[in-house]
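One structure below.
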Amino acid sequence: VTVDASDSIERMLALEPLGPRHLPAVDDLVLDRDVIRFTRIPDPPPSGFTAQWIAGYESGRRDGTREGFAIVDDGRFAGLALAPTIDREARQTELGYVVAPHARGRGVATWALGTLTDWAFGELDVLRIELFISVENGASKRVAERCRYTREGVLRSLHVKQGLREDTELWSRLSTD
Ligand SMILES: CC(C)(COP(=O)(O)OP(=O)(O)OC[C@H]1O[C@@H](n2cnc3c(N)ncnc32)[C@H](O)[C@@H]1OP(=O)(O)O)[C@@H](O)C(=O)NCCC(=O)NCCS
């Protein structure tokens, strides 16, 4: 998917299938404090984590249960746009996004979630999309809002990952919204 996002600053944003070539950039990304704080990536990431994690997205692509894209900004890695759990039979999916620190604050996540949402309603033909966002994650909530998701409520003390339970907002968009 390539879009000329020449609205604010001149740049070319694209999504490309996540693969081993993104390994060094994703290795850097999982060192970021906010990425560790607000995603299911283990804290700290064990050695070899990133390679296994990317391989998990590649096998998910083959069996249709997950999909991962790298966000590329004018050829440079700028983050991840993910469908971590696709349920084809139920026609619903979860989506997620991570933007590299150098690329934040310029609308990259908003563009990525908008593009991923169109892809999920189009290619995946889902009826419902879910986002799980920490109550503390103001920037991510704003991205969901800008992409016209609806805040459904708070899942209290949700198990996010080992060592972390927290109040987590559930946001959704339906194909009929
Ligand atoms: C959340 C994240 C993806 C946002 O990426 P980004 O490319 O900077 O996002 P955008 O520029 O598209 O939009 C951010 C919006 O949040 C706003 N924002 C930034 N920090 C904020 C905060 N602390 N509280 C409230 N809003 C905030 C920005 O002003 C912007 O809104 P605006 O366009 O109305 O001004 C990025 O910070 C990130 O990768 N964080 C770590 C991983 C993560 O949290 N992923 C999401 C898990 S649910």
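Each reported figure results from applying straightforward, stated rules to the coordinates on display, with no laboratory input. Remember, it's a predicted structure, so these values are computed and weren't measured experimentally. As a convention, Cβ positions derive from the backbone with ideal geometry for all residues, glycine included, and neighbour counts pool all protein chains shown.
Since only I133, Y97, G68 are under comparison, the one whose Cα sits farthest along the positive direction of the charge dipole of the chain, derived from C-beta charges on Lys, Arg, Asp and Glu, is I133.
Globularity index of the stretch 14-118 is 1.02 (Cα radius of gyration / 2.2 N^0.38 Å, N = number of residues).
Working value for the chain: equivalent-ellipsoid semi-axes of 21, 21, 18 Å, each the square root of 5 times a Cα gyration tensor eigenvalue, largest first. Evaluated over the Cα positions of the stretch 94-177, the convex hull gives a direction-averaged projected area, one quarter of its surface, of 6.0 nm². Estimated at 0.36 nm per residue, the fully extended path between D118 and D27 surpasses their Cα-Cα distance by 29.9 nm.
With contacts taken as Cα pairs under 8 Å at a separation of at least 6 residues, the chain carries a relative contact order of 16 percent. Here the simple spin-label model places points 7 Å from the Cα toward Cβ, and for E89 and L164 these points are separated by 3.1 nm.
Magnitude of the Cβ-charge dipole of the chain, K/R +1 and D/E -1, about the Cα centre, nearest 20 debye? Computed about the Cα centre, the dipole is about 320 debye. Ranking of F69, F132 by neighbouring Cβ atoms within 10 Å, starting from the fewest: F132, F69.
Can you pull out the trypsin sites (Lys or Arg not before Pro) in the stretch 96-177 that DSSP calls coil and that have at most 12 other Cβ atoms within 10 Å? Those satisfying the criteria are R148.
A convex hull fitted around the alpha carbon atoms of the stretch 30-69 yields 74 Å³ per residue.
Projecting each Cα onto the charge dipole of the chain (Lys/Arg +1, Asp/Glu -1 at the beta carbon, about the Cα centre), which of L164, I41, P17 comes out farthest on the positive side? Projecting each Cα onto the dipole axis, the largest value belongs to L164. For the stretch 105-145, the Cα gyration tensor yields ellipsoid semi-axes of 21, 13, 5 Å (square root of five times each eigenvalue, largest first, whole Å). Ordered by the count of other Cβ atoms within 10 Å of each Cβ, fewest first, T93, T168, T150 give T150, T168, T93.
Normalised by residue count, the stretch 46-87 yields a Cα convex hull volume of 83 Å³ per residue.
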